[in-house]
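Taken together, the values in this text are just the output of simple stated rules run on the coordinates, not laboratory data. Computed from a predicted model, the values in this text were never measured in an experiment. When we count neighbours, we look across all protein chains shown, and the Cβ atoms used for this are built from the backbone with ideal geometry, even at glycine.
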C-alpha cells in the first residue's frame, strides 16, 4: 500500500511540474531574467550530479503555476509575497533520491527544478523521462 502511495505521489508531482512547463511559453520580463540566472546555482545544487547539463531557464508567473505546485510550496511562496518562480530543466542521469525535493521513486534523464525568484530557494523538483514542451520536449 505504501509503495502505491509513493508511486502515485511521484506521478502527481511529475505531472504538476511537467504541466507547469508544458503550456504556452512562459513570459520572461526584463527584471525576471537576471533573477532566474541568479537562481541557477540553487537549482544546480539540488541535483547532486555535477555532470548534469542545463537545458533551459524560464521565469513563470506564480499565478500560472500556483495551483500545480504542492501545498507546502504554495504556502512558502505566499509568505514571501513572490510573484514568479524560475523553472529550470537539466539533462543528466538521475537516480531515485538524487534530486532534492523530487519524489523518492523518480529517476530518468531530465530534472525540472523550481526556485523562488525573490528569495532564491528551492521550491519543488521532479525527475522526468521526457522534457516538458516548453524546454523542447526532448525524449531519449
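Couple of notes before you dig in:
- Those residues of the range 74-88 whose amide nitrogen sits under 15 Å from the label point placed on residue 63, 7 Å along Cα→Cβ: 82-85
- Net lengthening on full extension, residue 38/residue 100 (0.36 nm per residue, minus Cα-Cα): 20.5 nm
- As a calculated quantity, the FRET efficiency between residue 120 and residue 51 at R0 = 35 Å, using C-beta atoms, amounts to about 0.90.
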